[in-house]
Amino acid sequence: MDLQELQEYVNQFDSMTCIMSVEKNPDGTYGKMRIEVGNKAYIASYEKNNSNPIDMPFGNKFVPGQEYTAYIPKDLNFEHFIYNSAVLKKPMHAYIHPDRFDVWFNIFSLPLEFDDPNKCYCTYTQEVSTEASVDQMANLSAKTTSDVLKTCIKLRSTKNFLQTMDEVINDIRIICGASFCCIMLTDFKENTCSLLSESCDPNVVPRSLLEYLNDSFTELVKTWVETIGGSNCLIIKNDDDMDAVKARNPRWCKSMRDAGIESLVLFPLQYNDEVIGFIWSTNFDIKDTDHIKETLELTTFFIASEIVNYQLLQKLEMLSSTDLLTGVKNRNAMNNRVLKIVSGRERMPDKFGIVFADLNGLKTVNDGDGHNAGDTLLKNAATALKDSFPNCEIYRAGGDEFVVIAMDKPKEIIEEQIEVLRKKADDPKTPVSFAVGFYYDENHGDIRAAMREADARMYEDKKQFYAKFPENRKR
């Protein structure tokens with residue numbers, strides 16, 4: 001089939017269309033993929049969108065018969081799409097929004113039966129729109145629709161987000177036929193990665209992403225977006241795909257091979273054009289690649305949206321229960337905690353300790369050095385309390401007063417922690433001094449009575465402090 005015949009064929013299409021060819025290798029793999037010819041609409045679109053080309057060997061001119069990588073970066077998803085149509089003779093359709101473009105693509109491909117022993121051919125047609133089409137996004141197979149709908153119902157009806165995400169990620173792992181599947185959240189501004197949920201095939205040796213989460217791994221994760229190359233996902237099915245990733249990101253490729261990963265489906269989770277995390281499956285069923293890709297393309301929209309909603313609620317809850325100056329819990333959180341215990345909604349342990357710690361000399365600092373210095377003193381006080389009482393609940397009850405609730409801790413341990421706090425007052429690096437009142441209950445008593453007693457003991461301690469240092473008296 002010569003170029004003239006291909007050109008005459010493609011000119012019959014009104015939409016932007018080209019003809020792709022795929023070289024057939026004797027071992028069953030494929031070789032180079034070329035854009036053999038394009039119709040006027042396709043060529044005009046290409047030359048318009050590449051008016052300022054970068055590293056394009058032919059500038060903004062379309063030259064028939066060149067490898068597709070002469071015009072766009074290498075894209076394994078695109079190659080998979082064309083291979084299925086040209087070589088496997090499957091009619092293909094996808095509706096995508098690659099990151100490297102500000103438009104949505106509605107793409108179609110039909111296999112062509114041209115007589116060529118060395119190449120397979122297919123058409124490639126694209127329609128472009130600046131806004132997403134809900135109808136196109138919902139144009140899915142019955143199997144995909146069912147899988148996505150199950151996920152949406154679970155997410156929207158949940159009363160326990162984290163438990164539901166565990167169920168969803170396990171469902172996705174089963175859909176993918178994968179050995180491992182997880183959702184990892186990212187905050188590249190804060191340089192952090194965290195595990196939201198994961199699922200491992202019970203028939204393989206379990207490995208958790210938590211084993212890998214460190215600063216070095218976060219730096220590696222930052223490279224994934226660039227490696228995906230502006231596509232909406234990355235799918236690695238075999239060694240050839242892995243070698244293609246190796247050419248762009250050898251460090252990542254090595255880490256995957258070291259971890260025994262032979263195949264991978266990776267989707268960025270995006271919200272408002274920002275990557276908030278990734279969902280991926282390893283060693284998946286490559287025979288079902290098309291269904292997996294179609295399912296995750298839509299599922300990731302809903303998962304990303306629900307994650308953002310959950311994070312917003314968490315942030316609002318944190319703001320309502322955290323003292324923004326010191327970072328410890330606020331009076332509202334303390335009152336809610338006590339109310340849950342008193343009302344029986346939360347079981348109180350048999351043994352608990354209450355520590356009231358009132359910061360000495362705050363008014364003196366505020367009056368003499370200003371409120372910024374007073375704020376610094378309060379922050380130092382909170383730090384001293386957190387260092388002295390690890391694994392305890394610390395609240396700023398108001399002004400210069402803090403409360404520590406220690407559940408199920410021996411009395412001797414809490415007394416030792418109080419001594420640590422008192423010693424910090426003598427440390428010039430942390431110039432804070434507290435009046436401390438401590439009450440310990442080992443008979444499943446009333447927490448409100450315990451707090452009143454600890455408060456009274458704190459005031460006795462404060463009287464002794466001001467008797468010793470009258471210049472620091474605040475009243």
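The values are calculated or read from the model by the stated rules, or taken from the named source; none is laboratory data. This one's a predicted model, so the numbers in the text were calculated from it and none came from an experiment. Backbone-built Cβ (ideal geometry, glycine too); neighbour counts: all protein chains shown.
Some notes on this structure:
- Filter result for residue 266 (in contact with a strand residue (DSSP E or B) (Cβ under 6 Å, 6 or more places away or on another chain) and either within 30 Å of residue 27 (Cα to Cα) or at pLDDT 95 or above (or both)): yes
- Residues of the range 1-20 classified as surrounded by 17 or more Cβ atoms within 10 Å (Cβ to Cβ) and in contact with a Ser or Thr (Cβ under 7 Å, 6 or more places away or on another chain), total: 5
- Residue 326 vs. criteria over 15 Å from residue 447 (Cα atoms), out of contact with any strand residue (DSSP E or B) (no Cβ under 7 Å at 6 or more places or on another chain) and modelled with pLDDT of 90 or more: no
For every residue, the table says whether it meets (1) surrounded by 17 or more Cβ atoms within 10 Å (Cβ to Cβ); (2) of a type outside the set (Asp, Glu); (3) touching a Ser or Thr at 6+ places or on another chain (Cβ under 7 Å).
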{"residue": "337", "(1), (2), (3)": "yes, yes, no"}
{"residue": "346", "(1), (2), (3)": "no, no, no"}
{"residue": "357", "(1), (2), (3)": "yes, yes, no"}
{"residue": "360", "(1), (2), (3)": "yes, yes, yes"}
{"residue": "406", "(1), (2), (3)": "yes, yes, no"}
{"residue": "410", "(1), (2), (3)": "no, yes, no"}
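- Residue match in the range 167-176 (condition: closer than 25 Å to residue 253 by Cβ and among the charged types (D, E, K, R)): yes
- Residue check for residue 420: within 41 Å of the chain's Cα centre (by Cα), of a type outside the set (Asp, Glu), part of a helix (DSSP H, G or I) and at pLDDT below 90: yes
One line per residue, one yes/no per condition, for (1) in contact (Cβ under 8 Å) with a residue 12 or more places away in the chain; (2) under 30 Å from residue 158 (Cα atoms):
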| residue | (1), (2) |
| --- | --- |
| 224 | yes, no |
| 228 | yes, no |
| 237 | yes, no |
| 242 | yes, no |
| 258 | no, no |
| 265 | yes, yes |
| 281 | yes, yes |
| 292 | yes, yes |
| 305 | yes, yes |
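- Screening 343, 321 for residues that are free of Cβ contacts under 8 Å to residues at least 24 places away in the same chain, small (Gly, Ala, Ser) and closer than 26 Å to residue 380 by Cα leaves exactly one candidate, 321.
- In the range 285-335, the residue that is surrounded by the fewest Cβ atoms within 10 Å (Cβ to Cβ) out of those that are among the hydroxyl-bearing types (Ser, Thr, Tyr) and within 20 Å of residue 167 (Cβ to Cβ) is 305.
- Residue tally, condition farther than 22 Å from residue 117 by Cα and of a type in the set (Asp, Glu), over the range 1-51: 2
- Whichever residue in the range 183-238 is over 13 Å from residue 280 (Cα atoms) and either assigned to a strand (DSSP E or B) or assigned by TED's automatic domain parsing to the domain that holds residue 97 (or both) and, among such residues, is farthest from the chain's Cα centre (by Cα): 192
- Residue check for residue 102: farther than 18 Å from residue 136 by Cα and outside the structural domain of residue 231 (by TED's automatic domain parsing): no
- Subset of the range 73-110 (residues that are among the β-branched types (Val, Ile, Thr) and modelled with pLDDT of 85 or more): 82, 87, 107
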